[in-house]
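None of the figures in this text is laboratory data; all of them are computed from the coordinates on show. Bear in mind the structure is a predicted one, so any value in this text is a computation, not a measurement. Neighbour counts are summed over all protein chains in view; Cβ atoms, including those assigned to glycine, are modelled from backbone coordinates with ideal geometry.
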Amino acid sequence: MKSHVLGIDFGSTTAKVVILDEDGNTVASCVSQKGAVSDEGVRAALRGAFEQAGINLSAVVRVVSTGYGRRMLDIADRTITEITCHARGARALVPEARLVIDIGGQDSKVIALDRNGLVARFAMNDRCAAGTGKFLEVLARAVNVELDDMGAEALKAEETVAITSMCATFAETEVISLLAEGRPKQVILAGVHQSIASRTVGLVGRVGKHDPIVMTGGVAQNIAAVHFLGKALETRLIIPTGAQIAGALGAALFALDDLRSASKVKRDDDDAVEGKLEQLLADPQRCTPACGKKETPVTFKA
Amino acid sequence: MSAIITPEQRILGAEPPIAKKANRLQATKLNNQMVNAYWEDLFRAKEEGRLVCWTEGIQLNPILQAADIAWCHGEAAAALLAARKESAAPQAHMETLGYDRELCSYARTHIGCGVMNQSSTVEAQTLLNVDARTLGSRIPAPDMIISAYPFCSTGQQWDNELYRTFGKKVPIFNISMDWVWGNKSSAKYMSGPEFREKVAFLKKQLQDCVRFIEGITGKPYDWDRLSEIMKYTKRAAELRLEAMRLCKARPSPASFFEWTNSIAPVNFLPGGPEIVHYFEQKKAEIESRIAQGIGSVPVEKYRLWWDGIMNWNKIGWLSDKFAGYDACMVAGRYTHMGFWQEPQVIDLRDPLDGMAQNYITCPISISAPQVIEKIIEHCEYYEIDGLILHGARTCRAFSYPQYMIADAVGKRLGLPVAMFEGDMVDETFYKDEVVSSRVEAMLEAIDASRARMR
Amino acid sequence: MNTVLDKFAQAAQRPYEHVKAWKQERGVKAVGTLPMHFPAEIIHATGALPVIVQEMPDAITSGGGAMYPFFCGYTRSIVDQVTEDQLGFLDAIMFTDHCVQLLSAADVIRISRPETTIHFHQLIASLRQPWSLESSVKTLRELVADLEEVLGVVVTEEALRHSISVFNENRRLIRDLYQMRRTGQIQLRASQMQHIVKSSMVMDKETHNALLRELIASLKTSTAPRSDTVAIYVSGHLCHAPRPEILDLIEECGATIVDDDLYTGYRYVSTDVDAGIGDPIVALATAYIRKNDNVPCPTRIDPEVDWEEWLLGAVDRCGAQGLVVLLVKFCEPHYFAYPRIKAAFERNDVPHLMIETEHDGVAMENVRTKVESFVEMIKVQRAARAVAA
């Protein structure tokens, strides 16, 4: 049986799992939406991934975790930050990438890659939610639009309104007063997306703009965010298939490096991975694999 | 990269419609003509072979004018860009370069112009996407910088940053303006040994500055011309003060907003008969309004004081907004306590000493205890009902004493206050919802206290 | 060794308790000073204990009603300390620096607590004017005269010379520690170094010197190479201490801080006062004017020194592989300087990371991710260079 490696991106709102075989083929990728750093979400994503891969727990010999909750997972052999992992994953998906914009639930980051695909510089938002998925979430609620629909709604607007508050809380107040003035929701939503694009441009400015630009992370699925950001950067953003799992893929690729550099010798504690996975999955709060949203496995060259 | 707002998109400002309009003075149009002429003249300075000096803070323009040097006053440039809605571009450039938004927005806007200026090559324009037609890039690059900032260390650092932005190639003269703190009880407003000592130190540096100017122009300095210029400046300043004092009348014939719109002649316009004529006109119009009982707002129910620097991109809007509340902003610290505010001490035979005295007693250069006493004097004189404290977020020099001012006027005069944050030229810090609710609460407090009095 | 380090840590963590106990024990006066360039030798020469007023980690309470939240954490903290009546043990407060936020805080203090003796003698900030030295000498003479009056003492030249030599020794001993740490002979954590320097700001200098000598004698030096951590230089925090938790966090992420230009760090001990200059006031003024050559201060106006170029050299000299800039939110001089530092480090391909700190706390997880990523980036780049070579 082939050895496998696993990458987990334990984010603030989602958990993502990618499993690669020892030849670097993706055999599973799975996303679970489970809310704030939830164990349950990790289990759902793991179950989904194992089902998709059709392998036993014992087949996985290396695990690398990344994301906001990366250190909460004792199944991981090591942890690597989401910045390093997103860069690696994005580069695997789009080999020519020179800049990675990753907008996640709590964080947004911009990573410049050097010619060899290594992280050259990065910038990340500070404590404030401005320019993150959270900002969109708060304002979707304020406008009373489903998060998944807000992008499409925003693009229907023929004009836009300036939302000047950087802070999500103040922006919410601002949006409410715009609603009170009778501004159409779509116009306000366009303004909200413009605002997030504007914050991201600020982050891009901190590392410098380098084309081609790849966008990863959950917000890459929001068409209006992509539209306004592309416009502001005066470029077309590349949204690869599997943009959301780029971090987990990067983590899995680092796990694969570890496996390969371990000179193919089975480690004493290889079985430990299986044991830890078993423990994690054996939680009484049973969660079926269906909780996990399966991603179409993506192809790339490891 | 460009600023996020593209021209083809119609931008709806978040400013709800206004019910009443302020009754603007006709003379202000003259001010606008002079201001436009000044900037157009400055934009041509290089072509006409004149030297250009960049300076901030105090009004050094008479000293430069006497040496035939054109000047760009940093705050004036930033305010101009803000008033014409062109401050976003230089501010965005600065943010891209890594300058934080919490840094003095005057400095950010002005240095942004410096950057735009320095990068007026085709390559740089492509890189920075600088539109050569923007006002910011029309401001001519400096041939010299004179740094003289009262109280505020950020002002001095702003000049230092400009000096470095231009590759340390532009000569700079650094004047240190000491703060009159008052270690001894003998230190009073414009008097006492500490004050005299600081004035003497400043005067000496101004004399050295003149030698610096002579070194650059290669010509002996024309002291007679300085006296001549200061004659007009002094007269204009006197007329301005007289006209302002007339606004004690009810209803007040002019507002703080009008005086804000009349800062240029006493801040950066050339000293000459035009500025004297301007304030004569303004004073005559005010006198005529008093005779006819015409107020600055259609209905004057409340008389207010504005403490803080103006939101330069909101003057007209705020002026109408308060008119809508039946409130006249009668006076304010920025306009009534600065800009050749003590012209009587200027001796035209030896103007530097009196100029130094004015420079050192501007409203950010006098300490909080003196600021408070002065504000209380003004509030009593103008019969003020309440205070608006506009905390300019990136001008800490101006905003820091405001809690103390609020406390003192509350305790000593029993006046209510409304405090809110804003900024001088970065409008992203201004929140209309907050302003409205605080101002309305204050006006309600005034109503309540009047009801009790009845 | 631990007992000495514990003494430093206690004084650094509870500076005012230390000062109060010292006052009680010795029956001396304590004079508070505000940062950054105050020549505390002068206070020492009066027989009083000089104490640099520190930022305290407590949440801002009543002080929040005296100062806007858009002022730096240090100034908001000291205002809060005053409105919370925590500085009453100081017999006077003296300051010489012109930072607008510091002046603002001082003015708020004066109005909030009129009974406080708080005096200002402004040192010229523009260091290269022909009159800079003369002006500084004049200011310091006025400061001496004022202190004599406030404390009712006479300051002799002899006392000043003695104080200068005590302070020079303190600086030299701490610099020795820095040098041993740079070369890897000793392993002191950055937070321990902070305790050493910060305690020096509030402790009696002779006592501090004795403790330093004891510490140095007890430290085991080693020539073993550093472990597989990334050597980091930390810069910033120009007038008060970064929270030790942040320094610890950096060192928990696979980095070792080997040098710094922090105020509560090398900046504080960079420059000795030349005992060879006959007039001690002239010597103090000269040290002030020349300090910028040793560690540039962006709050001073000095066309001849570029902080960013100096930092590149400093990072190189101590063998650090990267720079972490700790930037205090709302610190305008640092806001002005940072883009230039960023540009210089990018131009020279030296990794750097900026972390903004706030009085009200930083999001530690966010900072951890940044620092870990930074360390990973340096390691990966280092490995790639090794492969290429």
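Note on chain C: GNM, Cα springs under 10 Å; of C:Val108, C:Val324, C:Val153, the largest mean-square fluctuation is that of C:Val153. When you restrict to C-alpha pairs under 8 Å that are six or more residues apart and normalise by the size of chain C, the relative contact order lands at 18 percent.
Shielding by partners for peptide B:396-405, expressed as the average number of C-beta atoms from other protein chains within 10 Å of each residue's C-beta, is 6. Peptides C:293-299, C:142-148 ranked from most to least packed give C:293-299, C:142-148, packing being the mean of other C-beta atoms within 10 angstrom over each peptide's residues. Report note on the peptides C:329-340, B:57-68: ranked by the mean count of other C-beta atoms within 10 Å, highest first, their order is C:329-340, B:57-68. Could you run the Debye sum over the Cα atoms of chain C, one equal point scatterer each and no solvent, and tell me log10 of I(q)/I(0) at q = 0.14 Å⁻¹, two decimals? Normalising to I(0) and taking log10 leaves -1.31.
Against the main long axis of the alpha-carbon atoms of chain A, helix A:223-233 sits at an angle near 80°.
Think of each Lys and Arg Cβ as +1 and each Asp and Glu Cβ as -1; about the Cα centre, that makes the dipole of the protein assembly as shown roughly 720 debye. For helix C:157-182, what angle does its Cα long axis make with the longest principal axis of chain C, in degrees from 0 to 90 and rounded to 10? The two axes meet at around 10 degrees. All other residues whose Cβ lies under 12 angstrom from that of B:Pro193 are scored, Lys and Arg at +1 and Asp and Glu at -1, for a net of +1.
Helix C:15-26 sits at what angle to the longest principal axis of chain C, using alpha carbons and giving 0 to 90 degrees rounded to 10? Result, in degrees: 40. Here the relative contact order of the stretch A:97-173, from alpha carbon pairs under 8 Å that lie six or more residues apart, stands at 23 percent. Between the alpha-carbon centres of the stretch A:1-47 and the stretch B:219-260 there is a gap of 73 Å. Helix-only arithmetic for chain B: the sum of -39500 (n - 2.57) across DSSP H runs with n ≥ 4, divided by the residue total, places the mean residue ellipticity at 222 nm at -16000 deg cm²/dmol. For the stretch C:15-155, the relative contact order comes to 22 percent (Cα pairs under 8 Å, sequence separation of at least 6).
Summary of packing: across the peptides C:125-136, A:197-208, the per-residue average of other C-beta atoms within 10 Å ranks them, highest first, as A:197-208, C:125-136.
Across peptide C:298-307, the mean count of Cβ atoms from other chains lying within 10 Å of each residue's own Cβ comes to 3.
Ranking A:Val119, A:Ala168, A:Ile239 by Cα position along the charge dipole of the stretch A:96-239, where only Lys, Arg, Asp and Glu carry charges on their C-beta atoms, puts A:Val119 farthest toward the positive end. Once backbone amide H atoms are built at 1.01 Å from N, A:Thr216 has A:Ile101, A:Asp102, A:Ile103 as its partners under 5 Å, excluding neighbours fewer than 5 places away on the same chain.
Using only the Cα atoms of the stretch B:27-453, build the gyration tensor, take square roots of its eigenvalues as a ≥ b ≥ c, and label the shape rounded, prolate or oblate: rounded if a/c is under 1.5, else prolate if a/b is larger than b/c, else oblate. Prolate is the answer for the stretch B:27-453, as a/c is 1.5 or above and a/b outweighs b/c. Taking amide H positions as modeled 1.01 Å from N, with prolines and chain starts lacking one, the residues under 5 Å from C:Glu55 and 5 or more places away or on another chain are C:Ala241.
Look at the stretch C:97-109: the mean tally of other chain Cβ atoms within 10 Å of its residues' Cβ atoms is 6. Taking Lys and Arg as +1 and Asp and Glu as -1, the other residues whose beta-carbon sits under 14 Å from that of B:Leu97 total +3.
For the protein assembly as shown, the gyration tensor built on C-alpha atoms gives an oblate shape. Its axis ratio a/c (a ≥ b ≥ c) is at least 1.5, and a/b is not larger than b/c. In this Cβ point-charge picture (+1 for Lys and Arg, -1 for Asp and Glu), chain A has a dipole of about 520 debye about its Cα centre.
Remark: the Cα gyration tensor places the stretch C:16-98 in the oblate category, a/c being 1.5 or greater and a/b not exceeding b/c. Each part gets one Cα centre, and for the stretch B:263-278 versus the stretch B:146-177 those centres are 25 Å apart. Among A:Gly89, A:Leu73, A:Ala53, which residue has its Cα furthest toward the positive end of the charge dipole of chain A, with +1 on Lys/Arg Cβ and -1 on Asp/Glu Cβ? Positive-most Cα among the choices belongs to A:Gly89.
Ordering C:Leu143, C:Ile43, C:Asn292 by the projection of their Cα atoms onto the charge dipole of chain C, which places +1 on the Cβ of Lys and Arg and -1 on the Cβ of Asp and Glu, puts C:Asn292 at the extreme positive end.
Under the simplified labelling scheme, the B:Ile216-A:Ala180 pair shows an inter-label distance of 5.1 nm, with each label point 7 Å from Cα along Cα→Cβ.
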